[in-house]
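To start, the structure under review is shown below, and the notes come after it.
Every number in this text was worked out from the coordinates using simple rules, so none of it is lab data. Since this is a predicted model, take the numbers as computed values, not measurements. Using ideal geometry, Cβ is built from the backbone for each residue, glycine included, and neighbour counts are taken over all protein chains shown.
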Amino acid sequence: MGYKSIAKGNPTINACAFTFDDGPSKQPLEEWLDALEQFSVSGTFFFTGEWIDKHPDKANMLISRGHELASHSYYHRRMTELTEDVFLEELKETELAFQEATGQPSPNFFRFPYLNFNEENLSWLSKWGYHSITGKDTGDWAGLPAQKIVDNGSVFLYNGSILVLHSNDITKETPAALKQLIRRALNRGLKPVKVSDLLKGIGITPEYRSWKISIEVPDFNSIPLHEWTIIQSSQDRQKLAAESLEWGLDKTPTGKGSERQWIQHLTEPIKANKIIEDRELFSGQLKEDEFWGYARFGVNKEELILLDFGFREAQADTLVDLLRQAANIAKKVGCSSIVARQDMRRIHKMCQQMGWNSKIEVDEFLMAGQLIER
């Protein structure tokens, strides 16, 4: 069976896609975003899972500004040198990094590092449910000057084209070149779109795979807690909201009206994945009359769902204390397992250290068609 990469969109549609590989460490990502947004254009960024783990705030910023993030492997290895197990582990780890950073599942399209792959790699990718995206290489990865990038890329501006550019510490000239390339695309009647939109033009609807961690509630009479308690009064909820706004959590709003938005978020029940929060289980960690953590739960049959949590100081011990609180609550409400969809790898490690049974697995509940609600 022949496996193919997708190198272009529908040639009858006046659209093209600007794509960017890798992920910058020293160069400001905003330089690329600003260049795109100057023309109200959205780009697709194929970044590594390692970059997403290091820069979850930037991953969130990229998506919140209307751009698209997709997988470029976890470590940026030459994928032709890997065994199938390691190859698939690269994909899985990137999906976990993506979901933990953004709260959203990763799309099922992928760009190979160095655009280097073989037939066997494509078969493994297909087995994982992915599409390989290639395109026309502008050569900017070599640190070319802006005008050379423009000259190289301009010949590829036609219906359905996918331009391969980079966003890393070498390609400092790419943002300046990008502005000229976008102008030329618009002058040729092309509409720059995200890769997901280009795929729809050839009859492919992007799909998403969600993950969860399931923890078996340990057999115990009671587990000792450190300052965790149920928050019952509206005054305590208001206090938690005001104090937690200063913790610097990625999820807290900024700008005009941010305090009001955050207070409303914490003082009203949330709904995620069709599960409504049980406000009687709303928990907080108090130290010397100040809040250091919170957790919000829902119940789905025999599962206690950890819907949302945050910490003033995200030490591992704080997470362990939260898991103990969750286990006590699960026992009281008759649940046999605890389910979480954020910080999964860290929770799994803490469970291993405590001797609890846990596993990170595909979230069949969401894969059955339930969408994550924002």
How large is the direction-averaged shadow of the alpha-carbon convex hull of the stretch 15-209, in nm²? 9.9
For the stretch 22-45 and the stretch 236-263, write down the distance between their C-alpha centroids in whole Å. 28
Exposure proxy check on Trp128, Trp141: fewest-to-most Cβ neighbours within 10 Å is Trp128, Trp141
Rounded to the nearest whole Å³, what is the per residue volume of the convex hull around the Cα atoms of the stretch 273-374? 114
May I ask you to list the residues of the stretch 180-207 whose amide nitrogen lies under 20 Å from a point 7 Å from Cα along the Cα→beta-carbon direction of Ala142? 181
Over the chain, the sum of -39500 (n - 2.57) across DSSP H runs of at least four, divided by residue number and rounded to 500 deg cm²/dmol, gives at 222 nm -10500 deg cm²/dmol
In the stretch 168-220, the trypsin sites (Lys or Arg not before Pro) that sit in a DSSP loop and have at most 15 other Cβ atoms within 10 Å of their own Cβ are Arg188
For the stretch 254-327, which trypsin sites (Lys or Arg not before Pro) pass both filters: DSSP loop (anything but H, G, I, E, B) and at most 14 other C-beta atoms within 10 Å? Lys256, Lys274, Lys301
Run through the stretch 301-337 and list the GluC sites (Glu not before Pro) located in a DSSP loop whose Cβ has at most 11 other Cβ atoms within 10 Å. Glu313
Output for the chain (equivalent-ellipsoid semi-axes, sqrt of 5λ from the C-alpha gyration tensor, Å, descending) is 42, 23, 18
Given contacts defined as C-alpha pairs under 8 Å and at least six residues apart, what's the relative contact order of the chain, whole-number percent? 19
Modelled label reach - Lys191, point 7 Å along Cα→Cβ, the stretch 42-77 residues with backbone N closer than 19 Å: 42-44, 66-68
Filter the cross-link list Lys274/Lys359; Lys4/Lys191; Lys92/Lys212; Lys92/Lys127; Lys58/Lys359 down to pairs whose alpha-carbon distance in this structure exceeds 18 Å. Lys274/Lys359; Lys4/Lys191; Lys58/Lys359
Under the 0.36 nm per residue contour assumption, what length would be gained going from the current alpha-carbon distance of Lys4 and Ala176 to full extension? 58.6 nm
